[in-house]
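In what follows, a single structure is set out as structure tokens and then discussed.
What follows is calculated from the coordinates using simple rules that are stated; it is not laboratory data. Not measured: the values here are computed from a predicted model. All Cβ positions, even for glycine, are placed from backbone atoms using ideal geometry, and neighbour counts span all protein chains on display.
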Amino acid sequence: MPQLIGDCIMTFPLINQLKLKHDITIVCNAYVYDLIKYLQHSLKSQLLTDNEFNGEIIIDFLSNETSADYIRLSKPKITVGFMDGVWKYDLILKQPAEFKSFQASSIFLQALELLGLNSNNSLDFSNSHSWQFSNQSKILITPSAGNISRCYTIEEYVQLAENLYNKNIAFLLGPNDKNIRNSIPYEFETIESSNIAETIDILASAKMIVSSEGGLMHIAASYGIPLLGLFKVASVSNWFPYHNKYQIAIGEGKNNYNEMTGAKMDVILVTKKVKEIYESI
């Protein structure tokens, strides 16, 4: 689902290889545009509001009639997209579900191979900027994700915060999270963010992140911020490709989605893992 933040970040290994030798234009929606503009400075991205049509290689994140019109007018040398798109792409990528227990990001190693580029089996999620430790102390808890079924309850996250009470704890809430603010005890700092640039600045001010598996987790992970990702329904082996000794994900996602939506957080285990990561940084 390349309209979503985490799924777009999964394309960074492909983008980082292609932009070394090719002029790339990414066609995307508004919030993905902000994400790429902030994290991939050397890359062009278009909101389809321009009269200019260009791009030697076009990676289509929209997969609809609008992006197909853009491709048609741009006349690129190569188009890349998924089977469910409107355009007949030169390079069709496998869907993540086809990889099952393998890393979904292997899609992009496949793309590099098909394009004749040497990947060295390396998945590079680095950005134009990366997180640096400079005596930050805050543990930032981000309890939400794009789909509420992927999140543990706010009550479980509050219990985790109470277990870590001797640490500097804050909750980060996105624009759609106002309904859970009243469930967070007043003694914990609550930070609200309304856009990508502001969110990244807030994430980078923390020593580590504890996050539901979703867009904020993927932003923090690709940015290199130490984190504990909590997977409730998705498979860690499928959706956590990052290689950083301070970045850990736990969870037991299974094929039976309905079975996993009722899963409870192991707060004792999560508390232990948070302390281990925090002390090791």
When only DSSP loop residues count, what chymotrypsin sites (Phe, Trp or Tyr not before Pro) in the range 177-281 have their Cβ near at most 11 other Cβ atoms within 10 Å? TYR186
Return the loop-located GluC sites (Glu not before Pro) in the range 152-201 (DSSP other than H, G, I, E, B) with at most 11 other Cβ atoms within 10 Å of their own Cβ; answer none if there are none. GLU187
With respect to the cross-link table entries LYS178/LYS207; LYS19/LYS178; LYS167/LYS264; LYS178/LYS264; LYS167/LYS232, which display a Cα-Cα separation exceeding 27 Å? LYS19/LYS178
Just tell me, in residue order, which DSSP H segments of the chain are both 15 angstrom or longer along the helix axis (alpha-carbon based) and at least 0.0 in mean Kyte-Doolittle hydropathy. 267-280
Reviewing (i) 34, 27, 14; (ii) 34, 19, 18; (iii) 29, 23, 18, the figure for semi-axes √(5λ) of the Cα gyration tensor in Å actually calculated from this model sits under (ii)
At a Förster distance of 51 Å, what's the computed FRET efficiency of PHE102 paired with ALA197, Cβ-Cβ distance as r, to 0.05? 0.95
The range 138-280: radius of gyration and largest Cα-Cα distance (Dmax), Å: 13.9, 39
Choose one answer from HIS22, HIS243, HIS218: the residue with the largest mean-square fluctuation in a GNM of the chain with alpha-carbon springs under 10 Å. HIS22
